[in-house]
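Taking it in order: structure first as structure tokens, then the write-up.
The numbers here are math on the coordinates, done by the rules we state, and not lab data. Given the structure is predicted, the values throughout are model-derived calculations rather than measurements. All Cβ positions, glycine included, derive from the backbone under ideal geometry; neighbour counts span all protein chains shown.
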Amino acid sequence: MHQIRNICVYCGSSLGDDPVFVAAARDLGTTLAENGVGLVYGGGNLGLMGAVAHAALEAGGHVTGIIPHFLEKREHALENVQELIVVGDMHERKRLMFEKADAFIALPGGIGTLEELVEQLTWVQLQRHDKPVLIADIGGFWAPLLALIDHMRAQAFIRPEYEARFLVRDKVEDMIPALREAFAKARVSHLALRPEF
């Protein structure tokens with residue numbers, strides 16, 4: 001039976017202003033490793049990206065970092081991961097992150113994290129893939145986005161037949177079980193959909 005092997009984590013290259021963010025990133029990295037799930041992430045050594053990757057490595061996990069060449073120095077590419085892939089541009093980075101992951105988690109982050117999350121929600125909405133997407137609402141960070149999505153729904157810009165399907169959890173220990181359950185249901189109820197990038 002096909003199971004989640006790798007989870008792509010989108011998150012900031014900054015730590016944010018609340019210690020709860022870095023604590024959650026580290027907890028998530030450790031939890032992935034303890035569950036035998038590989039981490040796919042943006043390849044940096046800074047901020048929440050660095051925190052989740054270091055924690056996964058320290059707990060014996062497998063980490064795949066994917067970083068474009070122009071960000072190698074800016075985001076301090078983490079070279080002691082098992083697999084570091086340097087690509088030509090952001091589009092190739094996102095495509096490889098998608099291909100190597102069975103599910104996605106969005107921790108707090110900035111514009112780049114938001115863009116990556118919304119792209120996955122769009123592809124799910126358009127039924128281009130059925131990989132589960134989880135919004136890690138640590139400390140209520142994503143509450144404004146969730147309110148905006150509710151507003152879009154209320155204003156009939158998200159129609160029932162094209163619902164934006166995603167999970168929301170605010171505790172790290174609940175994330176992998178939720179993704180595994182959603183992943184199993186998707187494999188039963190949907191055909192494998194070909195991604196379009």
| query | Cα axis of helix 47-58 to longest principal axis of the chain: angle in degrees, 0 to 90, nearest 10? | reply | 70 degrees
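Ranking request for peptides 94-100, 63-69: highest mean number of other beta-carbon atoms within 10 Å first, then the rest in descending order.
Values: 94-100: 18.3, 63-69: 21.6.
Top of the packing list down: 63-69, 94-100.
Can you tell me which of 16-23, 43-50 comes out highest on packing, and rank the rest after it, using the mean Cβ neighbours within 10 Å? Could the numbers behind the result be given before it?
Numbers: 16-23: 15.5, 43-50: 24.2.
Output ranking for 16-23, 43-50: 43-50, 16-23.
Can you figure out the FRET efficiency of residue 99 with residue 143, using R₀ = 41 Å and their beta-carbon distance, to the nearest 0.05? Don't skip to the answer; put the middle values down first.
Numbers: r = 31 Å, r/R0 = 0.76.
Plugging the Cβ-Cβ distance into 1/(1 + (r/R0)^6) gives 0.85.
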| request: Just grab the label-to-label distance for residue 82 and residue 159, each label 7 Å out from Cα along the Cβ direction, in nm (one decimal). | output: 4.4 nm
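Based solely on its DSSP helices, what 222 nm [θ] is calculated for the chain when runs of n ≥ 4 H residues each add -39,500 (n - 2.57) and the sum is averaged over all residues, nearest 500 deg cm²/dmol?
On the way: 6 runs with 81 residues, N = 197.
Rounded to the nearest 500, it is -13000 deg cm²/dmol.
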| request: Please list the non-local residues whose amide H lies under 5 Å from the amide H of residue 35, H modeled 1.01 Å from N, same-chain partners needing a gap of 5 or more. | output: none
| said: Can you work out the Karplus-derived ³J(HN,Hα) for every residue in the range 116-126? Use 6.51 cos²θ - 1.76 cosθ + 1.60 with θ = phi - 60°, whole Hz, and x for glycine or proline. | reply: 5, 4, 5, 4, 5, 4, 5, 5, 5, 4, 8
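Strictly over 21 Å apart at the Cα level, which of 73/171; 100/131; 94/131 would you flag in this model? All intermediate terms of the calculation are to be shown ahead of the outcome.
Values: 73/171 32 Å; 100/131 11 Å; 94/131 15 Å.
73/171, as the Cα separations exceed 21 Å there.
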| query | Considering the chain as a Gaussian network with a 10 Å cut-off on Cα pairs, which listed residue, 120, 82, 155, attains the greatest mean-square fluctuation? | reply | 155
| task | Treating the angle as unsigned and between 0 and 90°, give the value, to the nearest 10°, between the Cα long axis of helix 90-100 and the longest Cα principal axis of the chain. | result | 80 degrees
